[in-house]
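Okay, so here's the structure we're looking at.
The values are calculated or read from the model by the stated rules, or taken from the named source; none is laboratory data. Note that the coordinates shown come from a computational prediction; the quantities given were computed from them, not determined experimentally. A quick note on method: Cβ atoms are made from the backbone with ideal geometry, for glycine too, and the neighbour counts reach across all protein chains shown.
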Amino acid sequence: MDNLLAPKDYAESSIFASEMENLFPATWVFAGLRREVSGDGDWIATRVGDTSITIQNDQGRLRVLHNVCSHRFAVMRTQPHGSGPLKCPYHGWMYDCEGNVAAIPARPRFSNLDEDKIAGMRLRQFTVETCGDLIFVRLNPEGPSLREYCGEAWDTLEKFSQALGLELHVTTLRVSANWKLVVENSLESYHSGCVHPETLGSDRSYRFEIKTGYHFTRYEEAISAPVAAKWGRIKNTFASRPASLDDYVFYSLFPTFSIDTLRGATFALNVIRPLSLTETELHSRVFATRLNPPELEKSALVRAFNDYAISMAPLVVGQDKTICEAVQAGLSQARFSATLSEEEARIVAFQKAYRRYLP
Ligand code: FES
Ligand SMILES: [Fe+2]
């Protein structure tokens, strides 16, 4: 299979600038979970591409504002979560839920500010939609709805998000590689045997199915016979899980979001955030499934299954970081484009989507 991107696409500042200007604002980017902003006044602060945003629960309605003060441009909310009104930490300007300037300390000292000018300093508002518990933000005012954007992946993303139970583990790593390398690494299992020999690579069945859509990819890998035997002995305990699967299933949504599950029993929610041309943040959260009755979630067997996922997560993510950095270092020395196997077909799907935004 042909790789549609050239080594320079991962290494040139002008291309990164164009991605920030043309690609990220036009796509739906994952921004958080509804449960994180469930109360009135609760907020999340994150980034879409290189734009700082904050999502606020305004009496049950989600609103997304530019998280940059109109006075002298401080990023206002610097923690990932919180609750309360939007107040700039620099000089204390305050904003209402629609982004209007609501209060200016020592207002009479601004003789150059009239009401029209203040109205023009309103924070930009962005578009927000949800799929189940997942919140997505689009910076551009115009574009497809989130449902259209997700296509056939919608039902599964909704179902998986509603299956998320207890948050078990969070890994945040800074990877010295272009964000596309980190995405592409997440879109193939071919590397599992070499990069993750003691975890993902140890029990592979090599029976897999790939499906690709306009903005999503789906990967399903059947479990190996020894794992299936072990799973057969414990799966009854998980019988009430909302996503009743026996395999490993991974969904990605272009450009930077993915959710995967080990037999519907644990889930990983992965977000890749570009920081600069060659610096990327990889944020991975592991969740247990919801079970019914909820007391089952505390049983020894379920805890043991969860402990396995918790122990695996930082190891796997750390190994991926190391290998992505090695690829970034090698790319500047590449003389031709990469060659891909069928097992790497999701990378081509990602690149096709990429080329629709940046021809
Ligand atoms: S920069 Fe925000 S109040 Fe001054
Ligand atoms: Fe990996």
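List of remarks:
To keep it simple, each residue is scored yes or no on (1) closer than 18 Å to GLU188 by Cβ; (2) in the same structural domain as ARG303 (by TED's automatic domain parsing); (3) out of contact with any strand residue (DSSP E or B) (no Cβ under 6 Å at 6 or more places or on another chain); (4) part of a helix (DSSP H, G or I).
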{"site": "TYR214", "(1), (2), (3), (4)": "no, yes, yes, no"}
{"site": "THR217", "(1), (2), (3), (4)": "yes, yes, no, no"}
{"site": "PRO226", "(1), (2), (3), (4)": "no, yes, yes, yes"}
{"site": "SER252", "(1), (2), (3), (4)": "yes, yes, no, no"}
{"site": "SER258", "(1), (2), (3), (4)": "yes, yes, no, no"}
{"site": "ASN270", "(1), (2), (3), (4)": "yes, yes, no, no"}
{"site": "GLU281", "(1), (2), (3), (4)": "no, yes, no, no"}
{"site": "ALA288", "(1), (2), (3), (4)": "no, yes, no, no"}
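- Residue count for the stretch 30-48 under the criterion of being touching a Lys or Arg at 6+ places or on another chain (Cβ under 7 Å) and either free of Cβ contacts under 8 Å to residues at least 40 places away in the same chain or β-branched (Val, Ile, Thr) (or both): the result is 1.
- Selection of first residues in the stretch 51-68 that are within 22 Å of PHE16 (Cα to Cα) and of second residues that are crowded, with 20+ Cβ neighbours inside 10 Å and among the basic types (Lys, Arg), restricted to Cβ pairs under 9 Å at least 6 apart or on distinct chains, gives the following pairs, ordered by first then second residue: SER52/ARG77; ASN67/ARG77.
- Criterion: surrounded by 16 or more Cβ atoms within 10 Å (Cβ to Cβ), at pLDDT 95 or above and within 16 Å of ligand 2 (Cβ to nearest atom) - qualifying residue of HIS215, HIS191: HIS191
- Number of the exception - ASP133 against (1) surrounded by 12 or more Cβ atoms within 10 Å (Cβ to Cβ); (2) touching a residue at least 40 places away in the same chain (Cβ under 8 Å); (3) out of contact with any helix residue (DSSP H, G or I) (no Cβ under 8 Å at 6 or more places or on another chain): (3)
- Candidates are the residues of the stretch 71-108 that are surrounded by 13 or more Cβ atoms within 10 Å (Cβ to Cβ) and among the β-branched types (Val, Ile, Thr); the one that is nearest to ligand 2 (Cβ to nearest atom) is VAL75.
- Residue check: SER186 meets all listed conditions (1) of a type in the set (S, T, N, Q); (2) out of contact with any Lys or Arg (no Cβ under 7 Å at 6 or more places or on another chain); (3) at pLDDT below 95 but one, namely (3).
- Consider the stretch 183-214 and keep the residues that are within 25 Å of GLY132 (Cβ to Cβ) and of a type in the set (A, V, I, L, M). The one that is farthest from ligand 1 (Cβ to nearest atom) is ILE210.
- Top-ranked residue in the stretch 292-331 [being closer than 30 Å to PRO7 by Cβ and touching a Phe, Trp or Tyr at 6+ places or on another chain (Cβ under 9 Å); ranked as nearest to ligand 1 (Cβ to nearest atom)]: GLN328
- Yes/no for ASP246 being within 20 Å of LYS159 (Cα to Cα) and modelled with pLDDT under 95: yes
- Residues that are closer than 14 Å to GLU198 by Cα and small (Gly, Ala, Ser) within the stretch 316-331 comprise just one, GLY318.
- Residues that are hydrophobic (A, V, I, L, M, F, W, C) and away from ligand 2 (no atom under 11 Å from the Cβ) within the stretch 168-188 comprise LEU168, VAL170, LEU173, VAL175, ALA177, TRP179, LEU181, VAL183, listed in sequence order.
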